[in-house]
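The values are calculated or read from the model by the stated rules, or taken from the named source; none is laboratory data. Since the model is a prediction, treat every value here as computed from it, not as a measurement. Cβ sites come from the backbone with ideal geometry, for glycine too, and all protein chains shown count toward neighbours. SASA here: full protein model, heavy atoms, side chains in, ligands and nucleic acids out. Shrake-Rupley method; radii C 1.70, N 1.55, O 1.52, S 1.80 Å.
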Amino acid sequence: MNDFLMNPWPWYVVGPLITIVMVIFLYLGQVFGISSSLQHICSMAGAGKFSDYFRYDWKKKAPVLFFTVGLIVGGILTVKFLDGDHYVAIAEETKMALIDIGVRDFDHYAPIGIFGEDGFWSHLPLYIIGGLLIGFGTRYANGCTSGHAIMGLSNLQWPSLIAVVGFFIGGLIGTYFLLPWLI
Amino acid sequence: MMKNFPFLILGIVFGVILAKGEVISWFRIQEMFRFDDFHMYGVIGSAVVLGVISLQIIKKLDLKDAYGQSLIPAPKPIAFKQYIFGGVIFGMGWAITGACPGPIYILVGYGYSSYVIVLLAALAGAFLYGILAKYLPH
């Protein structure tokens, strides 16, 4: 048991657990989706003054906001107690390609030279451009990986399939054109 | 509060699941968009296959949620442009930062100040969409 908690979990454990969380969400009366939280936090911060898009009773959306607080706590617990920031055994091809575009370290979940303290100031544009694209895109598409790829595809929704095709087109553009330029 | 508390617990559990599954790793996302390994496809694929089966069973048995309402979510509004344009824009951000919204929160919990900036920028992006939505093709 202890070994299981400390080692990385394989896909056939993680995938089914994600489905279970989605079904519990539905049982508790909420559609599964995380990116809506970005809209609700803006609404909570008073963005309703600027656009109808944010003008509603955000308190009614409290469940997803509690969920996001839980995600942060889950992150703290994993990194502190469950060996959650170790070397990730990615494919050799990926490693070679990343070395080619300037990635230098592979000891943690993210390259420290880019996402750690040393790389912080020089990679600020990467964080800001990346975050803006994520916030804008998920709200434009009305969902992210959880709402479209997991929830929408599970519910056999055509709009979600279109969105997921979009995710991958964007992902390829990001991988091959934007990332080499931002690293 | 009692209605919301289960979501806090569910968030903690989901955070641990995605973190232990390395789904929040920037490296795993690079590997996924380069089609070099099965891991991420296994995670998302098995979640979706089981999700389809679960929802079909729920539909057949007409199961209700905790409040007596249908468990099946309403269909998503039919449109094309908003899903493809929004999807492409999000996909670019996902590839660069290696994180979609759920993992961003988890990585903030990890203590990466870089992902705090990503989260703030994502909030700014959502705000920008809210302002510009009426001028965009949907």
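Calculate the translational D of region A:1-86 in whole µm² s⁻¹ from Stokes-Einstein, where the hydrodynamic radius comes from the Kirkwood formula applied to all Cα pairs, the temperature is 37 °C and the viscosity 0.692 mPa s.
215
Report the normalised scattering of chain B as log10 I(q)/I(0) at q = 0.11 Å⁻¹, calculated by the Debye formula with identical scatterers on the alpha carbons.
-0.58
What ranking of B:ASP36, A:ASP118, A:ASP107 comes out by heavy-atom accessible area, probe 1.4 Å, highest first?
Correct descending sequence by accessible area is A:ASP118, A:ASP107, B:ASP36.
Could you look at region A:1-86 and say what percent of its accessible area is carbon and sulfur, using a 1.4 Å probe and all protein chains?
67
Taking the alpha-carbon centroid of each part, what is the distance from region A:32-92 to region B:1-66 in angstrom?
Each part's Cα centre sits 15 Å from the other's.
Going by accessible area, probe 1.4 Å, with all protein chains left in place, what is the ranking of B:MET40, B:MET2, largest first?
Correct descending sequence by accessible area is B:MET2, B:MET40.
Take A:TYR176, A:TYR56, B:TYR105 and sort them by solvent-accessible surface of the protein heavy atoms, 1.4 Å probe, largest at the top.
A:TYR176, A:TYR56, B:TYR105
Hey, which of these cross-link pairs are over 32 Å Cα-Cα: A:LYS59/B:LYS81; A:LYS49/B:LYS3; A:LYS61/B:LYS20; A:LYS59/B:LYS60?
Those over the limit are A:LYS59/B:LYS60.
As a test of the formula, what do you get for chain A when each DSSP H run with n ≥ 4 contributes -39,500 (n - 2.57) and the sum is divided by the residue count, at 222 nm and rounded to the nearest 500 deg cm²/dmol?
-17000 deg cm²/dmol
Identify which of A:ALA141, A:ALA149, A:ALA45 has the largest mean-square fluctuation in a Gaussian network model of chain A, with springs joining Cα atoms closer than 10 Å.
A:ALA45
Report relative contact order for region B:1-86 in percent, whole number only (criteria: Cα-Cα under 8 Å, sequence separation at least 6).
Relative contact order comes out at 11 percent.
Please tell me the relative contact order of chain A in percent, rounded to the nearest whole number, where contacts are Cα pairs under 8 Å and at least six residues apart.
Reported relative contact order: 25 percent.
What's the angle, to the nearest 10 degrees (0 to 90), between helix A:124-140's Cα axis and the longest principal axis of chain A?
30
Could you pull the accessible area for A:GLU92 with a 1.4 Å probe, rounded to 10 Å²?
100
Can you pull the Kirkwood radius for the protein assembly as shown, inverse mean 1/r over Cα pairs, to one decimal in Å?
About 19.5 Å, per the Kirkwood formula over Cα pairs.
Testing the spin-label approximation: label points 7 Å from Cα along Cα→Cβ at A:ASP83 and B:ILE9. State their distance in nm.
Label-label distance for A:ASP83 and B:ILE9, simple model: 2.8 nm.
Taking chain A as a Gaussian network, Cα atoms linked when under 10 Å apart, which of A:MET22, A:MET96, A:MET44 shows the biggest mean-square fluctuation?
A:MET96
Just the accessible area per residue of the protein assembly as shown, please: how many Å² with a 1.4 Å probe?
42
Using the Kirkwood radius over Cα pairs, work out the Stokes-Einstein diffusion coefficient for region A:114-175 at 4 °C and 1.567 mPa s, in µm²/s as a whole number.
The Stokes-Einstein estimate is 101 µm²/s.
Relative to the first principal axis of the alpha-carbon coordinates of chain A, what is the inclination of helix A:158-173, with its axis defined by its Cα atoms, in degrees from 0 to 90 and to the nearest 10?
It is inclined by approximately 30 degrees.
Which whole-number percent is the relative contact order of region A:1-86 (Cα, under 8 Å, 6+ apart)?
Rounded, it is 26 percent for region A:1-86.
With a 10 Å cut-off between alpha carbons and a GNM built on chain A, which of A:PHE54, A:PHE25, A:PHE81 moves the most?
Between A:PHE54, A:PHE25, A:PHE81, it is A:PHE81 that shows the largest mean-square fluctuation.
Give, rounded to the nearest 20 debye, the magnitude of the charge dipole that chain A has about its Cα centre when Lys and Arg contribute +1 at Cβ and Asp and Glu contribute -1 at Cβ.
960
Is region B:64-138 rounded, prolate or oblate when judged by the Cα gyration tensor, a ≥ b ≥ c being the square roots of its eigenvalues, rounded requiring a/c under 1.5 and prolate requiring a/b larger than b/c?
oblate
log₁₀ I(q)/I(0) of region A:40-157 at q = 0.13, 0.22 Å⁻¹, via Debye over equal Cα point scatterers, no solvent, to two decimals?
-0.83, -1.32
Per DSSP H run of n ≥ 4, the term is -39500 (n - 2.57); total these for chain B, divide by its residue number, and report the mean residue ellipticity at 222 nm rounded to 500 deg cm²/dmol.
-22500 deg cm²/dmol
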